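What follows is calculated from the coordinates using simple rules that are stated; it is not laboratory data. Not measured: the values here are computed from a predicted model. Note that each Cβ is placed from the backbone with ideal geometry, even for glycine, and that neighbours are counted across all protein chains shown.
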Amino acid sequence: MTPIIGLIANIENDLKLSMLSAYGEAIEKSGGLPIVLTYIEDEGAIDAFIDTCHGFLFTGGADIEPQYYGEEKKITCGATQPFRDKLEFNVFKKAYESDKPILAICRGAQLVNVALGGTLYQDIPTEYETDILHLQTEDKLTPSHPILVERDTPLFHLVSKEIMTGNSFHHQAIKTLADGLKVMAKSHDGMIEAVYAPNKKYFRAYQWHPERLYSFDDNRALFDDFINTCKTGE
Ligand code: MN
């Protein structure tokens with residue numbers, strides 16, 4: 001059985017969609033079928049999307065509108081995509097309630113944290129003291145800062161190592177962690193790099209981009225693990 005994985009793309013103000021191909025390629029290589037939802041508002045249609053998919057991948061993209069975590073938008077916050085925010089928070093809520101497997105990457109990790117009541121740094125360079133360039137200057141296929149994996153977490157059980165190498169393309173990050181989420185990994189400056197939801201069957205979020213490091217280190221395992229869970233439902 002090939003599990004169907006639902007994704008939300010970037011959605012411009014004219015409702016034009018775009019998505020980097022690496023997310024779909026990683027899902028395909030690990031044995032899943034990626035399908036992308038266009039902008040819709042009908043609740044019944046969104047419910048049908050939730051029913052159709054065996055799992056959901058919340059991908060990278062633009063900054064989340066800070067009103068979703070109760071803040072004024074600072075001048076350092078990047079461009080936002082209101083239609084994507086609206087659709088994606090709606091889909092996430094229903095996906096979360098369905099208890100189907102959820103994987104979230106970069107903006108996706110920030111989105112799930114905000115959706116569950118957490119907050120974000122709107123701009124790391126001006127709000128967080130660090131010697132790490134979280135918006136790395138190397139290309140996306142090049143690993144940059146280490147990921148320190150915490151013991152006794154699903155990520156540690158999966159990769160059996162305390163240090164992984166990630167790439168890093170974010171100027172925002174989780175500030176206050178939502179209730180219901182737990183840290184799986186940090187960078188050495190204390191920034192949260194991976195979280196999971198212990199009360200859910202399968203809910204993992206990574207701040208780096210494993211889809212771009214698919215053949216590097218243990219990053220492929222993050223997708224294989226997700227797709228296998230979507231396949232078996234457990
Ligand atoms: Mn980082």
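Here K86 is the anchor, and the lysines within straight C-alpha reach of less than 16 Å, apart from those fewer than 8 places off in the same chain, are K16, K94.
Post the alpha-carbon centroid distance, the stretch 138-182 to the stretch 71-104, in whole angstrom. One Cα centre to the other: 20 Å. Which of the three applies to the stretch 153-234, rounded, prolate or oblate, going by the alpha-carbon gyration tensor with a ≥ b ≥ c and a/c under 1.5 meaning rounded? Since a/c reaches 1.5 but b/c is at least a/b, the shape of the stretch 153-234 is classed as oblate.
In plain terms, the residue of M191, M19, M164 with the fewest other Cβ atoms within 10 Å comes first and the most crowded comes last, giving M19, M191, M164. Count the lysine pairs in the stretch 106-234 whose Cα atoms lie under 15 Å apart, taking only pairs 8 or more positions apart in sequence or on different chains. Lysine pairs, 8 or more places apart or on different chains, close enough: 5.
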